[in-house]
Every structure is written in structure tokens, then in C-alpha cells.
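The values are calculated or read from the model by the stated rules, or taken from the named source; none is laboratory data. Keep in mind that what you see is a predicted model, and the values were worked out from it rather than measured. Here the Cβ positions follow ideal geometry from the backbone for every residue, glycine too, while neighbour counts run over all protein chains shown. Side chains are part of the model used for accessible areas, which takes the heavy atoms of the whole protein and leaves out ligands, DNA and RNA. Shrake-Rupley method; radii C 1.70, N 1.55, O 1.52, S 1.80 Å.
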Amino acid sequence: DQQVKQNSPSLSVQEGRISILNCDYTNSMFDYFLWYKKYPAEGPTFLISISSIKDKNEDGRFTVFLNKSAKHLSLHIVPSQPGDSAVYFCAASANTGNQFYFGTGTSLTVIP
Amino acid sequence: ETGVTQSPTHLIKTRGQQVTLRCSSQSGHNTVSWYQQALGQGPQFIFQYYREEENGRGNFPPRFSGLQFPNYSSELNVNALELDDSALYLCASSSEQGSGETQYFGPGTRLLVL
């Protein structure tokens with residue numbers, strides 16, 4: 001049972017434009033959400049997080065939006081750069097627990 | 001400061017065999033989590049070790065077991081290998097039990113079961 005879903009396996013965006021990556025979840029107990037970035041042959045690296053008490057968190061070019069009623073979060077990257085080309089995973093946990101549930105990932109390609 | 005390392009990088013086993021994967025955590029980290037990432041899927045939580053004790057387990061059968069040593073390095077053992085165990089196995093170390101932000105992943109061990 002996939003509790004965290006990323007329905008777009010891939011996304012291509014022109015350099016300088018906005019990249020929007022989406023994630024949906026089913027478990028209403030999830031209260032902490034993260035985005036990870038993964039390059040080939042490397043492990044995922046933490047990018048940005050948001051707790052359920054907020055609806056937006058921003059860190060430089062990266063902004064995560066959380067819509068609790070829709071059980072949906074999105075990652076916006078503005079402006080997109082070629083170095084952003086990677087696989088992006090969203091992940092969630094409940095009650096600050098130690099078990100993180102990951103989506104299947106979205107492969108982002110930023111075209112120069 | 002050394003990062004998280006895993007060995008071996010690749011491994012081929014046959015069905016029914018046993019395998020041991022190793023993970024050296026980042027300096028100063030006392031918590032190690034193991035994940036299985038099947039092809040086309042996201043990482044799935046197997047279990048976590050905190051100060052040498054299992055501290056949470058995902059939906060994996062008992063033939064998946066682990067150890068954490070006094071230096072906080074860790075092993076993942078899988079007995080009676082099945083074809084579906086073919087995957088990338090990731091370990092992640094952190095200095096706190098529940099923080100995804102401070103969780104650093106290794107590059108993984110790719111296991112192929114024939």
C-alpha cells in the first residue's frame with residue numbers, strides 16, 4: 001500500500017523556468033514531510049522539509065507547499081538550473097516517528 | 001568528517017543464500033536506518049538501530065535482521081534470499097532518532113538475487 005505517491009515519473013523544464021514537483025499522501029497521521037534529491041550512484045540528500053503546522057517553507061530557490069485538506073505537497077524550484085537535474089523523492093512520517101515513507105520519485109531534467 | 005559508506009557496492013547471490021551488507025555511519029552519529037529500494041520504487045524502511053538496539057521496524061519479515069556495533073556501524077543480514085530481494089539497499093545515519101533532516105544516506109549496495 002503506497003502511502004506516499006508521486007504520479008509523475010519524469011519532468012523536463014527549461015533552464016530559468018519554474019519546476020513543480022507534486023506529491024500526494026493518504027495517511028492523515030503524517031505530520032512531517034521532506035524532499036530528498038538523488039544523483040546517480042549517490043544516496044538521497046535532504047533538500048527541504050515542512051511540518052504540518054505550516055503551509056509553506058522556503059529555502060533559497062526551493063519552496064515546499066503543503067495542502068493538508070487535499071493531502072498534497074509540492075516542491076517549487078525557481079529558477080531551475082541544469083544542476084538541479086536529479087531524482088526527487090518526497091517522504092513523510094507520523095508523530096515525529098523514525099519511519100519515513102517515500103514516494104516513487106520524479107526524475108527532473110533541466111534543459112540548458 | 002567522513003560520510004556514510006557501504007560495502008560491498010554490488011553483490012550477486014542465488015536464491016536461498018544468505019547475505020550480509022555493511023554500513024559505516026558518519027562520525028558522531030548513533031542512529032542507523034536501513035532501506036530497500038526496488039527498481040522504480042522509493043526507498044522502503046526496513047528498520048532502525050539506535051545505540052545498538054533495534055528502534056523501529058517496517059513491514060519486512062524476520063529473515064531481515066540487523067546489528068549495530070559499539071562504534072555505531074551496522075550490518076543488515078538477509079537469510080533465505082528470494083528473487084524479490086533484488087534491490088538497492090541504502091543505509092542512513094543520523095544523530096537523532098526521528099530527524100529526516102539530519103539523515104545522511106550512503107550510496108547503497110546493489111543486490112541481485114538469481
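Observations on the structure shown:
- DSSP-assigned coil residues among chymotrypsin sites (Phe, Trp or Tyr not before Pro) in the range B:60-114, each with at most 11 further Cβ atoms within 10 Å: none
- Here residue B:51 sits with roughly 130 square angstrom of accessible surface, probe radius 1.4 Å.
- With a 1.4 angstrom probe, the accessible area lost at the A-B interface totals about 1500 Å².
- Pairs exceeding 22 Å between alpha-carbon atoms, taken from A:5/A:38; A:5/A:68; A:5/A:71; A:38/A:71; A:5/A:37: A:38/A:71.
- At a threshold of 30 Å², the residues of the range A:83-112 that become less accessible to a 1.4 Å probe in the full protein assembly than in their chain on its own are A:89, A:98, A:99, A:100, A:102, A:104.
- Residue among B:37, B:103, B:17 with the largest mean-square fluctuation in a Gaussian network model of chain B, springs linking Cα atoms under 10 Å: B:17
- Mean-position separation - Cα centroids, the range B:11-40 and the range A:22-85, in angstrom: 26 Å
- Carbon plus sulfur fraction of accessible area for the range A:6-112, probe 1.4 Å, in percent: 51 percent
- At the residue level, residue A:46 shows approximately 70 square angstrom of accessible surface with a 1.4 angstrom probe and all protein chains present.
- Surface composition of the range B:1-71: carbon and sulfur atoms hold 47% of the protein heavy-atom accessible area at a 1.4 Å probe.
- List B:14, B:31, ordered by accessible area with a 1.4 Å probe, largest first: B:14, B:31
- Seen from a random direction on average, the alpha-carbon convex hull of the protein assembly as shown projects onto 12.3 square nanometres.
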